[in-house]
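So the structure is just underneath, and the comments pick up after that.
The values are calculated or read from the model by the stated rules, or taken from the named source; none is laboratory data. Not measured: the values here are computed from a predicted model. Cβ placement follows ideal geometry from the backbone for every residue including glycine, while neighbour counts extend to all protein chains displayed. Just the protein is used for accessible areas: all its heavy atoms, side chains included, with ligands, DNA and RNA removed. Shrake-Rupley method; radii C 1.70, N 1.55, O 1.52, S 1.80 Å.
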Amino acid sequence: MIETVHMTVEGMSCNGCSGKLQRALEAVNGVKGVDIVLDRGKVTVSYDPAQLSVAALREVVEDTGFDVVS
């Protein structure tokens with residue numbers, strides 16, 4: 001079963017930033033898809049909850065240098 005989480009992320013200011021975050025998230029086991037809307041700071045991640053938690057996804061975002069605000 002695949003679930004989806006929507007996050008608002010601050011700190012992405014260019015395509016390089018969003019690409020860096022997308023690559024970091026896609027490298028995580030259990031992530032099935034990533035969609036980023038740079039100008040709105042919206043990140044949508046499809047993932048397998050049997051392999052990964054929302055808290056772990058938020059940690060990846062923060063470890064990559066961005067802030068999850070919601």
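The table for this structure:
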read-out: Tilt relative to the chain, helix 54-63 - C-alpha long axis, 0 to 90 degrees, to 10; value: 30 degrees
read-out: Radius 11 Å from Cβ of Phe66, net charge of other residues (Lys, Arg +1; Asp, Glu -1); value: -2
read-out: Carbon plus sulfur fraction of accessible area for the chain, probe 1.4 Å, in percent; value: 45 percent
read-out: Ratio of Rg to Rh over the chain (Cα coordinates, Kirkwood Rh, two decimals); value: 0.93
read-out: Cut-off 12 Å, label 7 Å out along Cα→Cβ of Thr44, residues of the stretch 15-37 by amide N; value: 33-37
read-out: Linear extension gain, Ile2 paired with Asn29, 0.36 nm per residue minus alpha-carbon span; value: 8.4 nm
read-out: Difference of contour (0.36 nm per residue) and Cα-Cα distance, Glu10 to Val69; value: 20.5 nm
read-out: Protection proxy ranking, peptides 49-55, 29-35, 6-12, average beta carbon neighbours within 10 Å, highest first; value: 6-12, 29-35, 49-55
